[in-house]
């Protein structure tokens, strides 16, 4: 038989298996009196806190536990109902069926991580919470939600900021026609053209000028950046080339020509090359497609 158990105000029951438990000093601490002889209860199964000192013990609770206060694991002063403190990059809480299938939480110093293990395979960075952002399979998300992998929408589709909903992939062609210009007197340089709203994969460019001349140029470039161009010089002669997509000659030997350098997220970049001393302004029209 156990000795009589005296409870002054609060009984604290710890629900973790084989963990060290501490609680802060309190004038109304728990006093538990037990028999140290064998049997159902032994000294390793009960807390004794007669002098308000921190005690440690191993516990295994098989029944129900009703806890009226706060529980601290790794801390003597829990701020909430359950607080767990541990070292950085060390699992703090684990929910599992067995050693090969479980979920753990870790604090990495500046962000929290959820890990999973399935059939013995560890999946790190399953879910990351950092700076108000959520990352899936990525440790430093730069948006409210960033996913390193495929997103599978089962139903409903995806809603965009303009409140439109896309339920299927768009397989059509997106196009944009835009007028651009070039000061013929500018030096050789790379110029980025933006405002297209997408990264093109094909360009058709029709150029002419300056006004009062018969200079014309028709060029195209495909997704592999293969270029082809027809041009008419001031004398009315027509030429063909595959090294550029714009070629305008104001007068003999005074030329501005352009090559495609890159397709960009919002347009493209051309490399202009100047020869001689061309003047005036050329205007060219771009048909961009994706």
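The values are calculated or read from the model by the stated rules, or taken from the named source; none is laboratory data. All values derive from a computational prediction rather than experimental measurement. Every residue, glycine as well, gets a Cβ built from its backbone with ideal geometry; the counts of neighbours run over all protein chains shown.
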Practice prompt. Count, please, the residues in the stretch 268-287 that happen to be within 19 Å of residue 195 (Cα to Cα) and either at pLDDT 95 or above or not assigned by TED's automatic domain parsing to the domain that holds residue 191 (or both).
Written response: 7
Worksheet, complete the sentence: Over the stretch 232-245, the set of residues assigned to a strand (DSSP E or B) and touching a residue at least 12 places away in the same chain (Cβ under 8 Å) is 232, 240, 241
